[in-house]
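Peer 1: Below: one structure in structure tokens.
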Amino acid sequence: MKILIDIKHPAQLNLFKGLAKELVISGWTVIICYLDRGKLPKIIDREYAEFNRIKVGSSKGTKWSIFWNGNVMRTTSFLKMINQEKFNICISASSAPLALACKITGTPLLQFYDDPERKTINKINANLSTKIFFPPIVEQNKHVEIFDCLKEWSYLSPSYFKPDKTVLEKYGLKPNEYVFVREVSNKSFNYYNQEDAIICSISGQINKNIPVLLSLEDKSIKDKFPDNWTILEEPIADIHSLIYFSKLMVSSGDSMAREGAMLGIPSIYCGIREMKANQLLIDKGILEHCPVEKAVKPFNDYISSEFDQEKQIKIRENLLKEWVDMNQFMISQILKYKK
């Protein structure tokens, strides 16, 4: 059995890693396809080193590049590859080029996504895909079904993720005595409508008595942050252990804000998007949405407060009880198409 897994964004990278490894153990031939954008190729080479990896399409961040190289030429490449390789099934997270290629070639395609707010592309994907799956934040229909968790749980569940305290040694830090921050760039497609450098604009108002680790997408603004903020070199080794042992996560990007919440630490999303996936965690009381300036007070309040390690453990235990095993769910759906 042969399967193609398409990854076009760093936020999707970890979603399929456990799945890919389990499929290989079960005897599948797994091909990893990826979009040539930003740091993604370098991260793919590191995280999927043992797999056959194929670059399909590219994106330089401009609208034309996204349309032509990231969609039109990608579709053409996928058509050629599917006809040559004769995949039994394809897997992705919101990949319209792959969906069109699969529709034309009659190849089953399952998509696992978590952003129902992107209505136009989701409608296209739903019509072209065999099935598209979302968390319990959408209505089911003939093409749309549910997985009872968020996609980040596939790699952050205690069943798979074991934090490693030794990662702190490189930075001379102690558990729960630093803050982890993620600053995304509005040059990427997901954040075109968002103010750029949100966290940078408020960084001068943040308590300077605690170290801050900063994952910064746009390195051109690295000199604009306070001296107690350390700019991390990408790709970041064991980033989730660094988040797990932090005192607080603050992110202008939605995915890493959710990761912090699922790792059980106080987490603030300071971007502008109103997202149902985020709301699911907000309703559980483990994520706060404080756009731009509204993030300053809770940011400083958490720095000044004591870290509650028992609460962190309890949050993760509760999620483990409430949610499905995402990897096993994906495998169960894939096996329906095994011939």
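Nothing in this text is a laboratory measurement; each read-out follows from the coordinates by a stated rule. From a predicted model like this one, the values you see are computed outputs, not experimental measurements. Cβ coordinates were reconstructed from backbone atoms using ideal geometry, including for glycine residues, and neighbour counts include every protein chain displayed.
Peer 1: Just to verify a number: FRET efficiency for residue 65 and residue 321, C-beta to C-beta distance, R0 = 41 Å, to 0.05?
Peer 2: Working from the Cβ atoms, E equals 0.40.
Peer 1: Expressed as a rounded percentage, what relative contact order does the stretch 165-322 have, with Cα pairs under 8 Å and six or more residues apart?
Peer 2: Numbers: 257 pairs, mean separation 36.6, N = 158.
Once divided by the residue count of the stretch 165-322, the mean separation gives 23 percent.
Peer 1: Given H placed on each backbone N at 1.01 Å, which residues far from residue 307 in sequence or on other chains put an amide H within less than 5 Å of it?
Peer 2: none
Peer 1: Go through the stretch 157-163 residue by residue and turn each phi into a ³J(HN,Hα) via Karplus (6.51, -1.76, 1.60, θ = phi - 60°); whole Hz please, and just put x for glycine and proline.
Peer 2: These are the phi-based 3J(HN,Hα) values: 4, x, 5, 10, 9, 10, x Hz.
Peer 1: Separate question: Straight-line reach only, C-alpha to C-alpha below 20 angstrom: list the aspartates and glutamates that residue 294 could link to, leaving out same-chain residues fewer than 8 apart.
Peer 2: Within the straight-line limit of under 20 Å, residue 294 reaches these aspartates and glutamates: 183, 195, 196, 254, 274, 283.
Peer 1: Still on this structure, I have one more. Using Cα pairs under 8 angstrom and six or more residues apart, how large is the relative contact order of the chain, in percent? Before the final figure, lay out the partial values.
Peer 2: Numbers: 603 pairs, mean separation 49.8, N = 339.
Contact order relative to length: 15 percent.
Peer 1: Moving on. With a cap of 14 neighbouring Cβ atoms within 10 Å, and only residues DSSP puts in a loop, list the GluC sites (Glu not before Pro) found in the stretch 9-54.
Peer 2: On the way: sites: 22, 47, 50; in loops: 50.
For GluC sites (Glu not before Pro) across the stretch 9-54 that sit outside H, G, I, E and B with at most 14 neighbouring Cβ atoms in 10 Å, the list reads 50.
Peer 1: Please name which of 128, 62, 253 has its Cα lying farthest along the dipole of the chain towards the positive end, using unit charges on Cβ (Lys, Arg +1; Asp, Glu -1) and the Cα centre as origin.
Peer 2: Selected residue: 128.
Peer 1: Given contacts defined as C-alpha pairs under 8 Å and at least six residues apart, what's the relative contact order of the stretch 1-57, whole-number percent? Present the calculation step by step, with values, prior to reporting the outcome.
Peer 2: Values: 76 pairs, mean separation 22.2, N = 57.
Relative contact order of the stretch 1-57: 39 percent.
Peer 1: When the chain is modelled as a GNM with alpha-carbon springs shorter than 10 Å, which of 91, 303, 121 fluctuates the most?
Peer 2: Fluctuation is largest for 121.
Peer 1: Per-residue HN-Hα couplings for the stretch 322-333, Karplus 6.51 cos²θ - 1.76 cosθ + 1.60 at θ = phi - 60°, whole Hz, x for Gly and Pro?
Peer 2: For the stretch 322-333, the Karplus curve yields 7, 9, 7, 7, 4, 5, 5, 5, 4, 4, 4, 6 Hz.
Peer 1: Here is a follow-up. Taking other Cβ within 10 Å of each residue's Cβ, how do 149, 200, 90 sort, fewest first?
Peer 2: 200, 149, 90
Peer 1: Moving on. Express in nm, to one decimal, how much length is gained between residue 237 and residue 177 on full extension, taking 0.36 nm for each residue of separation and deducting their alpha carbon distance. Present the calculation step by step, with values, prior to reporting the outcome.
Peer 2: Numbers: separation 60, 0.36 × 60 = 21.60 nm, distance 1.93 nm.
In short, 19.7 nm is gained.
Peer 1: Follow-up. Just add up the charged neighbours of residue 168: K/R +1, D/E -1, any other residue whose Cβ is under 11 Å from the Cβ of residue 168. Display every interim value, and only then the final one.
Peer 2: Numbers: positive: 165, 170, 174; negative: 164, 169, 177, 238.
Net charge around residue 168: -1.
Peer 1: With +1 on the Cβ of every Lys and Arg and -1 on the Cβ of every Asp and Glu, and nothing else charged, how large is the dipole of the stretch 112-183 about its Cα centre, in debye rounded to the nearest 20?
Peer 2: On the way: 11 positive and 11 negative charges, 34 e Å.
Using only the charged Cβ atoms, the result is roughly 160 debye.
Peer 1: Just to confirm a number: summing +1 for Lys and Arg and -1 for Asp and Glu over residues other than residue 206 whose beta-carbon lies under 14 angstrom from that of residue 206, what do you get? Mind dumping the intermediate values first?
Peer 2: Numbers: positive: 208, 224, 247, 294, 297; negative: 183, 227, 293, 301.
Summing Lys and Arg as +1 and Asp and Glu as -1 gives +1.
Peer 1: From the phi of every residue in the stretch 67-76, what ³J(HN,Hα) in whole Hz does the Karplus formula 6.51 cos²θ - 1.76 cosθ + 1.60 yield, where θ is phi - 60° and glycine or proline is x?
Peer 2: Once θ is set to phi - 60°, the couplings for the stretch 67-76 become 5, 7, 6, x, 10, 4, 5, 4, 4, 4 Hz.
Peer 1: For the stretch 165-322, with only Lys/Arg (+1) and Asp/Glu (-1) charged at the beta-carbon, what is the dipole magnitude about the Cα centre, in debye rounded to 20?
Peer 2: On the way: 20 positive and 24 negative charges, 36 e Å.
I would put it at about 180 debye.
Peer 1: Take 134, 147 and order them by how many other Cβ atoms sit within 10 Å, fewest up front. Kindly include the intermediate steps, with their values, before the conclusion.
Peer 2: Values: 134 24, 147 21.
By the 10 Å Cβ count, ascending: 147, 134.
Peer 1: Using modelled amide H (1.01 Å from N, peptide plane; none on Pro or chain starts), what sits under 5 Å from the amide H of residue 133, excluding residues fewer than 5 places away?
Peer 2: Residues meeting the amide H criterion: 111, 112, 113, 145.
Peer 1: Which stretch or stretches of the stretch 204-228 have amide N atoms under 17 Å from the point lying 7 Å from residue 170's Cα along the Cα→Cβ direction?
Peer 2: 212-217
Peer 1: What is the packing order of peptides 67-75, 229-237, 111-119, 252-260, taking the mean over residues of other C-beta atoms within 10 Å and listing the highest first? Present the calculation step by step, with values, prior to reporting the outcome.
Peer 2: On the way: 67-75: 17.9, 229-237: 15.3, 111-119: 19.6, 252-260: 26.2.
Packing proxy ranking, top to bottom: 252-260, 111-119, 67-75, 229-237.
Peer 1: Given 0.36 nm per residue, what is the gain on full extension from residue 209 to residue 118 after removing their alpha carbon distance, in nm? Display every interim value, and only then the final one.
Peer 2: Values: separation 91, 0.36 × 91 = 32.76 nm, distance 4.00 nm.
So the extension gain works out to 28.8 nm.
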